[in-house]
Amino acid sequence: MIIRLLGSLILVTALGTLAIFATHRQYRRQHSPPQPAPTDTNLLAAVKGVGNTVNGLKSEWHGLATNQAIVLPDARLVMLSNEQQDAVQEEDAIKTQHELLSFDTVDINVLRKERENELEQQSNHVKQEELQKQIDDIKNKKTAEENAKKEEDAAKLEKENQQKSEQQLLQSKKRRAIEILPFFDYAVGRLYKMLDGFATGAAENRHSDFLGATPTMYASDMVKGGIIVSGTNLLGIGTNSAWNFEISTLLIHQEEENKYHRVMDASISLKIVSRTTNGESLLTITPRAGKFEQISVKLTVPNGLNINENKAKRFFTNSIDNALRHLIEAQDQQCPLILRTN
């Protein structure tokens, strides 16, 4: 048994010299006078220092095996497993002694030995259960820590992928805005110039809630951080609400089929609305998907002079100008501007 314990001690030393000798020596130095480190010439003396008897050595060994502060988990598993094997061997020896007892005659000494033997078996059984529990606890803790590390790494990777996906989506929306905004900005600018001329002719004040002196999509509630968002701005002249034009963006979303559930804009439209008691005039401008080589221009007005056409990209200015003229004509038909006379 002593040889087995010495062999295990050498194994543990190989697994963690700092954990057993250096760290333990530092611990002992804090509570007792310094002791010389074991060498090849005093190895026997070092072993005797652990315990003068087998029981003393085993007690010291168990103390190290259960000391979580100075012994690494893998080393503790080796030590506890060896101690468990020794306990199994002790159990076999105790049972063998029990079998050698003679119960042919009733003898008080035999009965006492039987009692002592059975108590030793009981104590040994409790010891094995305790050792097994400690081994299971170490293994379960290691497994839990490994699983926690895996989950942490997986969550970190998932977060990085999510951020990467969101960044790609943001860049995609910015590229789309760069392609679409020139169409919308042209419509806003042309409407402003038309209304500005009418305001001068009718001696009416023009008003706008766009940022800056000249209305533009790039300084509106419909563009944030370089991307097109849902928003609304106003352009108008005079006090008659029929000559207020509400300009807004319509975003139709489409969820991408991936685990991040990114939402792309399937289509983005610019709406220009003006209302009267006779109904609503609505102009909708929608660049088509792809490279936006086609522009959809739809106008519905109370007088029925509606427009619904798709034009090639190179003709979009003519198409938008024509739709804006019809929109303003419909408003003037319902609520005529009173022009000033010289």
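Listed residues GLU146, GLU166, GLU158; which is under 30 Å from ASP74 (Cα atoms) and under 30 Å from the mean Cα position of the chain (by Cα)?
GLU146
Among the residues of the range 115-124, is there at least one that is assigned to a helix (DSSP H, G or I), surrounded by fewer than 16 Cβ atoms within 10 Å (Cβ to Cβ), under 33 Å from the mean Cα position of the chain (by Cα) and modelled with pLDDT under 90?
No, because not a single residue in the range 115-124 is assigned to a helix (DSSP H, G or I), surrounded by fewer than 16 Cβ atoms within 10 Å (Cβ to Cβ), under 33 Å from the mean Cα position of the chain (by Cα) and modelled with pLDDT under 90.
In the range 179-201, how many residues are touching a Gly at 6+ places or on another chain (Cβ under 8 Å) and surrounded by fewer than 18 Cβ atoms within 10 Å (Cβ to Cβ)?
0
Considering THR239, THR216, which residue is surrounded by fewer than 14 Cβ atoms within 10 Å (Cβ to Cβ) and either farther than 21 Å from GLU293 by Cα or among the aromatic types (Phe, Trp, Tyr) (or both)?
THR239
If only one of GLN132, GLN163 is in a helix (DSSP H, G or I), of a type in the set (S, T, N, Q), touching a residue at least 24 places away in the same chain (Cβ under 8 Å) and more than 30 Å from SER241 (Cα to Cα), which one is it?
Criteria check complete, one pass: GLN132.
Would you check which residues across the range 169-211 are within 47 Å of the chain's Cα centre (by Cα) and among the β-branched types (Val, Ile, Thr) and list them?
ILE178, ILE180, VAL188 - these are the residues of the range 169-211 that are within 47 Å of the chain's Cα centre (by Cα) and among the β-branched types (Val, Ile, Thr).
When the range 268-316 is examined, which residues are found to be touching a strand residue (DSSP E or B) at 6+ places or on another chain (Cβ under 6 Å), of a type in the set (Lys, Arg) and closer than 17 Å to ILE247 by Cβ?
Result: LYS271, LYS298.
Mind checking whether some residue in the range 144-160 is loosely packed, with under 10 Cβ neighbours inside 10 Å and out of contact with any Phe, Trp or Tyr (no Cβ under 6 Å at 6 or more places or on another chain)?
no
Each row is one residue, and each column tells you yes or no for (1) in contact with a helix residue (DSSP H, G or I) (Cβ under 9 Å, 6 or more places away or on another chain); (2) assigned to a loop (DSSP other than H, G, I, E, B); (3) among the aliphatic types (A, V, I, L, M).
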{"position": "TYR186", "(1), (2), (3)": "yes, no, no"}
{"position": "GLY189", "(1), (2), (3)": "yes, no, no"}
{"position": "LEU195", "(1), (2), (3)": "yes, no, yes"}
{"position": "PHE198", "(1), (2), (3)": "yes, no, no"}
{"position": "GLY201", "(1), (2), (3)": "no, no, no"}
{"position": "LEU211", "(1), (2), (3)": "yes, yes, yes"}
{"position": "PRO215", "(1), (2), (3)": "yes, yes, no"}
{"position": "ALA242", "(1), (2), (3)": "yes, no, yes"}
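The values are calculated or read from the model by the stated rules, or taken from the named source; none is laboratory data. These numbers were taken from a predicted model, which means no experiment stands behind them. Don't worry about glycine lacking a Cβ; one is built from the backbone with ideal geometry, like all the others, and counts go over all protein chains shown.
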